[in-house]
Amino acid sequence: MSPGDDTETATKSAPSLFNKCHKFFDKSGDYAKTKDADLYPYFRPIERNEGTSAIMNGREIIMAGSNNYLGLTADPRVKEAARDAVAKYGTGCTGSRFLNGTLDLHLRLEERLADFMGKDEAVLFSTGYMTNEGVIQALAGRNDIIFSDKDNHACIVQGTRVSMADTQRYRHNDLDQLEKLLKRASEDRPDAGKLIATDGVFSMSGKIARVPELVELANRYDAALMLDDAHAIGVIGPGGRGSASTFGLKDDVDIITGTFSKSFSSLGGFAVGDHDVIEFIRHEASAHIFSASMPPANTATVLKCLDILEEEPERLERLWEISDYMRDGFRNLGFDVWDSETPIIPVVIGDMNTCFQFWRDLLDNGVFVNAVVPPAVPPGQTLMRTSYMATHSNDELDKILDAFHKVGKQHGVIGSNGHAKTNGHHPKGHHLNGSANGHLNGSANGHSAAA
Ligand SMILES: Cc1ncc(COP(=O)(O)O)c(C=O)c1O
């Protein structure tokens, strides 16, 4: 015992607050069992990334589980733009846009995005998550009502929580229910401000929101309409302008948000809308004012990606061609891919155990995808969320289908002859020449890249 030691002090035991943490890591629990069997599909390190291929666990895999839709993360022009920005502005902004963190690059990007999206003005945030959280928190308060699709991304949900507004969630894409809620709110609380918030493309199903009907409901019930186009901008609509443009309705949607972490190969996010609304958000969104601004390299990356998106429209055409090819391929093998309409293609697997083992077997066959389990999907509907890049080669796509074919049969997810459940022809019978399916030019489904 040395002088000063307090022999009376009780040894500190773990605070009961942490009981849930210890329980989570209990050796007999699901988490530990999955880890021990090396089936845990999350937080897997990537050791090198070339876009469509990457190194994991020391071996090369085909990447079919990113949001790198335009395949630009490894583009030499984009990398050069990022390097040049670091050389000119340094590595970070060390402050928020409000104070010392505004660069001329940020202003240029805001102008460019407003112009690209055909809206008055744009405001940048440091992530897509912060964008949705910040926009909702700024616009909606205690006296307002938010109507939110039950399948919305977590950051919209978080925005509704921090806003303190009355939040009413409607069943996924159930606009009849939405209308009932809007009607009742208009009768009961005629003075409350109303906001309808929805993903423009749903991140797990790859389904596009019903924008025309949403616009109509918003107009009828004096509600503002906000679309989170994280998986839509740079992916769908004319020139990649997103879900509202897909239906020719950009002027009818009040606020469109987007992220730079997907097709724009960077990190950050933005919202576009009318001048007054965006200026208000700029001054009222906590996430904008009290957090450091997008680093220079991230900002320059997005500007370069926008150049490439505008100069190389064939990228979007290729992305759509690939999406159709893969959807057909999975269906022909007998897999259920829900009603995906975009480069996000969910492949339904079933129970949790099969899901983890399926994921691991795909990895062992050289294909990386995302394993999705409840609560992100309903129980028994676990899935492999696959997603595609404009830069995937035909050979890589066929390898992905071959791996799914093999592992799907092994686990009984598809019939023993693999592709018997639909029309039975092997996906390799499809050729990526663009002429096989009639809706690549946007005329049939109205939402292709070239529409
Ligand atoms: C629909 C949707 N919105 C917002 C985000 C958040 O974007 P970020 O990763 O840029 O924060 C995501 C990311 O997964 C998303 O899927």
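The values are calculated or read from the model by the stated rules, or taken from the named source; none is laboratory data. In this text the structure is predicted, and so the values were computed from the model without any measurement. Note that each Cβ is placed from the backbone with ideal geometry, even for glycine, and that neighbours are counted across all protein chains shown. Note: areas computed on protein heavy atoms with side chains; ligands, DNA, RNA excluded. Shrake-Rupley method; radii C 1.70, N 1.55, O 1.52, S 1.80 Å.
Find the Cα radius of gyration of the chain, compare it with 2.2 N^0.38 Å by division, and give the number to two decimals.
Here the Cα radius of gyration is 1.05 times the empirical estimate.
Taking amide H atoms as placed 1.01 Å from N in the peptide plane, list the residues 5 or more away in sequence, or in a different chain, whose amide H sits under 5 Å from that of Ala122.
Ala114
Mind ranking Leu249, Leu319 by accessible surface for me, highest first, 1.4 Å probe?
Ranked list, largest accessible area first: Leu249, Leu319.
Using the heavy atoms of the protein chains alone and a 1.4 angstrom probe, what is the accessible area of the range 76-311 per residue in square angstrom?
Per residue, the range 76-311 has an accessible area of 40 Å².
DSSP beta bridges in the chain, what fraction antiparallel, as a percent rounded to 5?
Among the beta bridges of the chain, antiparallel pairing accounts for roughly 60 percent.
Compare the Cα positions of Gly200, Gln381, Ala32 along the charge dipole of the chain (+1 at Cβ of Lys, Arg; -1 at Cβ of Asp, Glu; about the Cα centre) and return the one farthest towards the positive end.
Ala32
In straight Cα distance, which lysines are under 18 Å from Lys119, not counting same-chain residues fewer than 8 positions off?
Partners within reach: Lys250.
Order Tyr31, Tyr129, Tyr388 by their accessible area, 1.4 angstrom probe, all chains in place, largest first.
Largest accessible area first, the residues go Tyr129, Tyr31, Tyr388.
In deg cm²/dmol and to the nearest 500, what is the mean residue ellipticity at 222 nm of the chain if only DSSP H runs of at least 4 residues count, each as -39500 (n - 2.57), divided by the residue total?
My calculation for the chain gives -11500 deg cm²/dmol from helical runs alone.
What dipole magnitude, in Debye to the nearest 20, does the chain give about its Cα centre under +1 on Lys/Arg Cβ and -1 on Asp/Glu Cβ?
1160 debye
Compute the longest continuous run of the chain that contains no exposed trypsin sites (Lys or Arg not before Pro); treat a site as exposed when its DSSP state is not H, G, I, E or B and it has at most 10 other Cβ atoms within 10 Å.
Result for the longest clean stretch: 143-451.
What size of dipole, in debye to the nearest 20, comes out for the range 177-227 about its Cα centre when the only charges are +1 on Lys and Arg C-beta atoms and -1 on Asp and Glu C-beta atoms?
I would put it at about 140 debye.
Rg(Cα) of the range 270-330 divided by 2.2 N^0.38 Å?
Normalised Cα radius of gyration, the range 270-330: 1.70.
Quick one: order Met164, Met204 from most to least accessible surface, probe 1.4 Å.
Ranking Met164, Met204 by accessible area, largest first, yields Met164, Met204.
Starting from the Cα of Lys20, draw a straight line to each of the aspartates and glutamates and keep only those under 20 Å, dropping any in the same chain fewer than 8 residues away.
Filter leaves Asp30.
Volume per residue, Å³, of the convex hull around the alpha-carbon atoms of the range 76-311?
106 Å³
Could you work out what % of the accessible surface of the chain is carbon and sulfur, using a 1.4 angstrom probe and leaving DNA, RNA and ligands out of the count?
The value for the chain is 51 percent carbon and sulfur by accessible area.
When the chain is fully extended, how far beyond the present Cα-Cα distance does Ala32 get from Asp274, taking 0.36 nm per residue of separation?
Going from the current span to full extension adds 82.1 nm.
Please state the shape class of the range 142-216: rounded when a/c is under 1.5, otherwise prolate if a/b exceeds b/c and oblate if not, all from the C-alpha gyration tensor.
oblate
Tell me the chymotrypsin sites (Phe, Trp or Tyr not before Pro) within the range 267-329 that lie in a loop according to DSSP and have at most 16 other beta-carbon atoms within 10 Å.
Counting only loop positions with at most 16 other Cβ atoms within 10 Å, the chymotrypsin sites (Phe, Trp or Tyr not before Pro) in the range 267-329 are Phe290.
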